[in-house]
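Before any comments, here is the structure.
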Amino acid sequence: RWFNLAINAVRENPAEITLDGDTPEALVKVVTKLINKFKQNVEQNGLWKEFYREDEKPKHERFGQLLFYAIADAYCDANDLDISRESNGGNGPVDFKLSQGSGFKYLVEMKLSSNPKLLDGYTVQLGAYAASEKTQRTGLVVVRVSGKASQLDDLLALRKKLMTDGKKCPDLYVVDATKRESASKLKR
C-alpha cells in the first residue's frame, strides 16, 4: 500500500529536484526539497489520511517511514543520489542516510509526534547515529498525528534554546498529518 501511494504521489505531483553541484550545501538543499515535497504531499495533497487506521488511530511509525522512503527514492534515482534505509554504522539503524559519494552524508530520522521518545530522538539518537556513520548533518522529521502538541512544543522550545545558545543541533522538519475537514465543510 505505501509503495503504490508513493508512486501515485510522485506521478500526480512531479517535482524537479536537482543537485546543483558537488558540495555539502547542494546535498542539504536536495534533502530539504525532498522533505518539503513529502510535506506537501501529506499536508496539501491528502496523504495525511493514510497515516490513520480504520479505527482512526495513527498507523505505526514505520508506515510513514516507508512512504517517505518510496517518495524520496524516486526523486533520488532521478538525481544520482544514494538513499539508504536503516543504515547501521554500529549504534543501530538510522531511518535514512542520503549521500553523494562518500564525502558528505545526511541522516534523517522520522518520528510520529506521539512517540514518547521524540525528545530523545532529537537530543541523543541522532548524535549517536551521526558519530557511527561519520555524518556531518542530521535532521529529524516529526509527523504530527494528534492535536496534542506538548512533546512537539517542548522539542521546538529546546531547538530554539540550542540555536540561541549558538549550539549545533539537528535540523527539524514538522509535517502536519492531523485529521482535517474537507474544504467544502470549512467555515469562514
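The values are calculated or read from the model by the stated rules, or taken from the named source; none is laboratory data. This one's a predicted model, so the numbers in the text were calculated from it and none came from an experiment. Heads up, the Cβs are rebuilt from the backbone with ideal geometry, glycines too, and the neighbour counts pull from every protein chain shown. These accessible areas exclude ligands, DNA and RNA; they are computed on the full protein's heavy atoms, side chains included. Shrake-Rupley method; radii C 1.70, N 1.55, O 1.52, S 1.80 Å.
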Go through segment 45-77 and report how many residues are assigned to a helix (DSSP H, G or I), more than 17 Å from residue 106 (Cα to Cα) and open to solvent by 60 Å² or more (accessible area, probe 1.4 Å). 2
Can you name the condition, by its number, that residue 111 falls short on among (1) in contact (Cβ under 8 Å) with a residue 60 or more places away in the chain; (2) open to solvent by less than 50 Å² (accessible area, probe 1.4 Å)? (1)
Out of (1) farther than 22 Å from residue 104 by Cα; (2) without any contact (Cβ under 8 Å) to a residue 60 or more places away in the chain; (3) open to solvent by 20 Å² or more (accessible area, probe 1.4 Å), what's the single condition that is false for residue 82? (1)
Go through (1) at pLDDT below 90; (2) closer than 19 Å to residue 32 by Cβ; (3) of a type outside the set (Val, Ile, Thr) for residue 122 and report which single condition fails. (1)
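I'd like to know if segment 131-138 contains one or more residues that are over 19 Å from residue 171 (Cα atoms) and open to solvent by 30 Å² or more (accessible area, probe 1.4 Å). Step through it out loud before you land on a result.
Kept after step one, since they are over 19 Å from residue 171 (Cα atoms), are these residues of segment 131-138: none.
There is no residue in segment 131-138 that is over 19 Å from residue 171 (Cα atoms) and open to solvent by 30 Å² or more (accessible area, probe 1.4 Å).
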